[in-house]
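Everything on this sheet refers to the single structure shown next.
The values are calculated or read from the model by the stated rules, or taken from the named source; none is laboratory data. All values reported here derive from a predicted model rather than from experimental measurement. All Cβ positions, even for glycine, are placed from backbone atoms using ideal geometry, and neighbour counts span all protein chains on display.
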There are 2 protein chains.
Amino acid sequence: MLLETLGAIVGAGNVLTGEQVGSRAVSWADHGPCRALAIVRPGSTDEVSRVLAACHAADQPLVVLGGLTGLVQGCVPAAHEIALSLERMNRIESVDPLGRTMTVEAGVPVQRVQEEAEKHGLLYPVDWGARGSAQIGGSVATNAGGNGVIRYGMTRDSVLGLEAVLADGTVIPAMNRMLKNNAAYDLKQLFIGSEGTLGVITRLVLRMRELPRSTQTALVACPSFGNVTRFLKHIDSALGGSLTAFELMWNEFYCLVTTPPSRGTPPLPQDHAYYVLVESGGSDPARDQSQFEEAIGAALEAGLAVDAVVCTSQAQREALWALRDDVEGIFRLGAPVAFDVSLPLPAMEDYVTEVLGRLEREWPHYRRFLFGHLGDGNLHLIAVGPPSAEARHGIERCVYEPLVSRGGSVSAEHGIGVEKRPWLELCRSPAELALMRKLKQALDPKGILNPGRVLPD
Amino acid sequence: MLLETLGAIVGAGNVLTGEQVGSRAVSWADHGPCRALAIVRPGSTDEVSRVLAACHAADQPLVVLGGLTGLVQGCVPAAHEIALSLERMNRIESVDPLGRTMTVEAGVPVQRVQEEAEKHGLLYPVDWGARGSAQIGGSVATNAGGNGVIRYGMTRDSVLGLEAVLADGTVIPAMNRMLKNNAAYDLKQLFIGSEGTLGVITRLVLRMRELPRSTQTALVACPSFGNVTRFLKHIDSALGGSLTAFELMWNEFYCLVTTPPSRGTPPLPQDHAYYVLVESGGSDPARDQSQFEEAIGAALEAGLAVDAVVCTSQAQREALWALRDDVEGIFRLGAPVAFDVSLPLPAMEDYVTEVLGRLEREWPHYRRFLFGHLGDGNLHLIAVGPPSAEARHGIERCVYEPLVSRGGSVSAEHGIGVEKRPWLELCRSPAELALMRKLKQALDPKGILNPGRVLPD
């Protein structure tokens, strides 16, 4: 009955059921069949609004699907849930090269946004591996991070305006196009990073930047963690605003990805403690390259760094990034338990020492690899070994509990979804959680939007 | 009775009444006496919490006072309202040069934050004229803008964490210190820019940047508005991320501030249509200056600009900024009606033409001056002439109404307060206003916090 109503709204061909649902994968990582009651594919904001109003009236829970590239199982529909897919809302509506904005529907893949920007000499600066599949709406709903955060911020900082539909079908048309707009509450902030639990993002106004005309990349070896953090300050200051990435690899990670069967070869010897992939983007290839090399030279002279290789070609640059992105080598070693935490930089070395010590004592059969977006205080840790639910939980305790006293977060950029929900209380106070529930109650009193995701029961 | 309770919480000497209240000015602009029932000055978050809980229980409305430098009468207490002043909570708690954060109480003046940052080789990049009096808490509550927004964003982008107290006294301790934290809803966003109507900000974690080592400044003349916007794109791209200000002055404004009795002298002839104050901050004085001069030279060659003067000393730089900041010359001409609007850049020239045309037809006896943070789509317009409430309202209609069809905002950076409340509905839809009221209802159901400010009744 509800499905018939929904079919009348979106067209019967856009209400998928049975085999049409089961033939779709759960996510990029889980190729098992999707189990949703139905997949509903609206073609416009008006259709989203009417679908939500109908589900709201029927107390029907929904899960909003983007590109299914999330890492916290936020978009895995249960058998009684309707999956709302924005895949048909994939139009780039307009580009404003002067005002440096792009207006898009939520279902556009991130990579298409990036490519369209480049056609106009612009940059959409949020970027990460899943760009080809991830949808822009999902990236905003989860406030995606990635590699350029130190310069351009999280996705939140590239959203000027958005349109969202509340659980009851109300459309919130907050399509601001300006950098400055203090006309009362900035409602878009509610929907950014709340993972679809407060509303469904349908359209966006994105902030573009001028496309850099040059890119400088280097791999730099540092002898101690203290030197890594001092090198970060040095290079950020020396580059005067053009630092775009500061990615750290610990020795074990670097050795793994530069040793067969991994495809990479070591651009620097494998006996350093830390390796930093540093990148800047500027306006003048010759001048920027000499400034970049001087800044790295000064770091070597000052002893902050002990070895470095500066890229002189795009091929070298891609080879360096391929090392940083090569997590498959880890997955070959067994079942991975992967983390995405953040904490204040001054606390990080001590935190890592404590975590590695605990893991060594409690889970000695699991190998540990560390890397991260150090410029943002964001650490990725992957433990790998025999698959075991008990080990997984035990390892999670080892990694998450030492965050508490240090003011860290159990999720830097991946969000909470379902997977991290049990740990959220480690880093958010009861008062904060109560306020979150109050917001949820105010915007979705029946709890039909992404129920059971993000907030603990 | 309530005042006695409050005195027991904050100390009797910190509950000001009678002459102690009346001897204080209403604001920086209105030197008439403050009329609050009492001024209550808590010394800690705990005291703020207990004061709010007591007022909440007694249904007592409050107005939160910062440095009284606001421009929209948001902090003018009525005789039945208690004024809550954060002036005693003025401690800088800590600076983290490595993590590049500063933790402060809300009552610290913005200038003290800036000066403390500089001591550590850091920059707090939000800056505007009222820095000496404005309190950091108020600047966050109003999401202050200023001159560096094009590079560093609004105040919102420099806030990593905050602590706020809800109307009922609940403390929300969201003191995040990381650039990346996606652990559920980003609650701080609720309190930034909501002008104290959803909670009282008591403490803050601010994001710092590395202090630029060089500053380049120029005044550039452009022959047409189209050239101004193309020059913005050119210079932003050519400087590769170091552009920090792009301030536009229309001819009438420039002539006024460079002609006696104004103190300024004209660095460029007075016959150009537009003058841009452009500034960048980098890491290498010699290299940056030559890059800056080349970029401006290229603009002259391309015909985007027709004349330019590049500063070679700090004194020259200050003289240029003094022109841009010299609004007193306007105030000498009569009663000012001042505006702070924003709109998409491609719509701005046509908007200005329409507004000036309407003003010329409807209010010919008022002179009009235009300037603005063009890089942010932010336009300031001041009309000046005989004081008259009717004229004021009529001029407001002329300026605000043409924003509607262009997607503009009645407040770019000053907020809504009381003064702009009647115009808010021009730029926010009924659905948005209803959602704002829903948030207000959820967080402050009795409506005791800054009642009657921001939201239309």
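Among the residues of segment B:256-270, is any away from chain A (no Cβ under 14 Å), outside any loop (DSSP other than H, G, I, E, B) and over 28 Å from A:A238 (Cα atoms)?
yes
State whether one or more residues within segment A:251-263 are among the aliphatic types (A, V, I, L, M) and under 24 Å from A:A383 (Cα atoms).
Yes: one or more hits.
Tell me which of these A:L374 doesn't satisfy, since it passes every other one: (1) in contact with a Pro (Cβ under 7 Å, 6 or more places away or on another chain); (2) buried (at least 19 other Cβ atoms within 10 Å of the Cβ).
So the condition that A:L374 fails would be (1).
From A:V15, A:V10, grab the single residue that is free of Cβ contacts under 8 Å to residues at least 60 places away in the same chain, under 21 Å from A:T202 (Cβ atoms) and in contact with a Leu (Cβ under 6 Å, 6 or more places away or on another chain).
Result: A:V15 is the single residue among A:V15, A:V10 that is free of Cβ contacts under 8 Å to residues at least 60 places away in the same chain, under 21 Å from A:T202 (Cβ atoms) and in contact with a Leu (Cβ under 6 Å, 6 or more places away or on another chain).
Please find, within segment B:126-149, the residue that is nearest to the other protein chains (Cβ to nearest Cβ) out of those that are surrounded by fewer than 24 Cβ atoms within 10 Å (Cβ to Cβ) and without any contact (Cβ under 8 Å) to a residue 40 or more places away in the chain.
Among those that are surrounded by fewer than 24 Cβ atoms within 10 Å (Cβ to Cβ) and without any contact (Cβ under 8 Å) to a residue 40 or more places away in the chain, it is B:W128.
Within segment B:271-291, which residues are within 13 Å of chain A (Cβ to nearest Cβ) and surrounded by 21 or more Cβ atoms within 10 Å (Cβ to Cβ)?
Passing the criteria: B:E279, B:S280, B:G281, B:G282, B:S283, B:D288, B:Q291.
Given segment A:322-411, what helices (runs of 4 or more DSSP H) lie entirely inside it while holding 1 or more residues that are farther than 27 Å from A:A245 by Cα and more than 14 Å from every other protein chain (Cβ to nearest Cβ)?
A:345-362, A:389-404
Could you please find all residues in segment B:352-371 being among the hydroxyl-bearing types (S, T, Y) and surrounded by fewer than 19 Cβ atoms within 10 Å (Cβ to Cβ)?
B:T353
Residues that are in contact with a Ser or Thr (Cβ under 9 Å, 6 or more places away or on another chain), among the aliphatic types (A, V, I, L, M) and closer than 20 Å to A:V327 by Cβ: does segment A:210-227 have at least one?
no
Look through segment A:418-457, keep the residues that are more than 10 Å from chain B (Cβ to nearest Cβ) and of a type in the set (G, A, S), and return whichever of them is nearest to the chain's Cα centre (by Cα).
Per the stated criteria, the residue is A:G452.
Filter segment B:311-326 for residues that are within 18 Å of B:S262 (Cβ to Cβ), among the charged types (D, E, K, R) and touching a residue at least 40 places away in the same chain (Cβ under 8 Å) and give the result.
Residues satisfying the conditions are B:R324, B:D325, B:D326.
Residues checked against (1) touching a residue at least 40 places away in the same chain (Cβ under 8 Å); (2) under 27 Å from the mean Cα position of the chain (by Cα):
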{"position": "A:C34", "(1), (2)": "yes, yes"}
{"position": "A:I39", "(1), (2)": "yes, yes"}
{"position": "A:P42", "(1), (2)": "yes, yes"}
{"position": "A:E47", "(1), (2)": "no, no"}
{"position": "A:A54", "(1), (2)": "yes, no"}
{"position": "A:D59", "(1), (2)": "yes, no"}
{"position": "A:G67", "(1), (2)": "yes, yes"}
{"position": "A:E81", "(1), (2)": "yes, yes"}
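Conditions first: (1) under 30 Å from A:G13 (Cα atoms); (2) within 11 Å of another protein chain (Cβ to nearest Cβ); (3) surrounded by fewer than 22 Cβ atoms within 10 Å (Cβ to Cβ). A:Y152 passes all but one, so which condition is the exception?
Of (1) under 30 Å from A:G13 (Cα atoms); (2) within 11 Å of another protein chain (Cβ to nearest Cβ); (3) surrounded by fewer than 22 Cβ atoms within 10 Å (Cβ to Cβ), only one is false for A:Y152: (1).
Exactly one condition in (1) of a type in the set (K, R); (2) in contact (Cβ under 8 Å) with a residue 24 or more places away in the chain; (3) under 30 Å from B:A442 (Cβ atoms) is not met by A:R406; state its number.
In the conditions (1) of a type in the set (K, R); (2) in contact (Cβ under 8 Å) with a residue 24 or more places away in the chain; (3) under 30 Å from B:A442 (Cβ atoms), A:R406 misses (3) alone.
With the requirement that a residue be in contact with a helix residue (DSSP H, G or I) (Cβ under 6 Å, 6 or more places away or on another chain) and at pLDDT 95 or above, what does segment B:245-271 give you?
B:F246, B:E247, B:L248, B:L256, B:V257, B:Q270
Just to be sure, is B:L304 surrounded by fewer than 17 Cβ atoms within 10 Å (Cβ to Cβ) and modelled with pLDDT of 95 or more?
no
Report, by residue number, each residue of segment B:110-125 that is away from chain A (no Cβ under 14 Å) and aliphatic (A, V, I, L, M).
Hits for segment B:110-125 are B:V110, B:V113.
For segment A:418-447, which residues satisfy the criterion of being part of a loop (DSSP other than H, G, I, E, B) and crowded, with 21+ Cβ neighbours inside 10 Å?
Answer for segment A:418-447, where residues must be part of a loop (DSSP other than H, G, I, E, B) and crowded, with 21+ Cβ neighbours inside 10 Å: A:K420, A:C427, A:R428.
What number of residues in segment B:150-187 are touching a residue at least 60 places away in the same chain (Cβ under 8 Å) and among the hydroxyl-bearing types (S, T, Y)?
So the count comes out to 2.
So B:E294 ticks every box in (1) surrounded by fewer than 24 Cβ atoms within 10 Å (Cβ to Cβ); (2) part of a strand (DSSP E or B) but one. Which box is left unticked?
Answer for B:E294: the failing condition is (2).
Does A:S194 meet the test of being within 8 Å of chain B (Cβ to nearest Cβ), in contact with a helix residue (DSSP H, G or I) (Cβ under 8 Å, 6 or more places away or on another chain), of a type outside the set (A, V, I, L, M, F, W, C) and surrounded by fewer than 24 Cβ atoms within 10 Å (Cβ to Cβ)?
When the stated conditions are applied, A:S194 does not pass them.
Please work out which residue is nearest to the other protein chains (Cβ to nearest Cβ), limiting yourself to segment A:96-109 and to residues that are touching a residue at least 40 places away in the same chain (Cβ under 8 Å), hydrophobic (A, V, I, L, M, F, W, C) and out of contact with any Gly (no Cβ under 7 Å at 6 or more places or on another chain).
The selected residue is A:M102.
Going residue by residue through segment A:380-396, is there one that turns out to be touching an Asp or Glu at 6+ places or on another chain (Cβ under 8 Å), surrounded by 17 or more Cβ atoms within 10 Å (Cβ to Cβ) and on the phi > 0 side of the Ramachandran plot?
Within segment A:380-396, not a single residue is touching an Asp or Glu at 6+ places or on another chain (Cβ under 8 Å), surrounded by 17 or more Cβ atoms within 10 Å (Cβ to Cβ) and on the phi > 0 side of the Ramachandran plot.
Since B:N182 meets every condition but one in (1) facing chain A (nearest Cβ under 7 Å); (2) assigned to a strand (DSSP E or B), which condition does it not meet?
Among (1) facing chain A (nearest Cβ under 7 Å); (2) assigned to a strand (DSSP E or B), the lone unmet condition for B:N182 is (2).
Hey, can you tell me all the residues within segment A:216-226 that are surrounded by 19 or more Cβ atoms within 10 Å (Cβ to Cβ) and either more than 23 Å from the chain's Cα centre (by Cα) or of a type in the set (F, W, Y) (or both)?
Scanning segment A:216-226 gives A:Q216, A:A218, A:L219, A:V220, A:A221, A:C222, A:F225.
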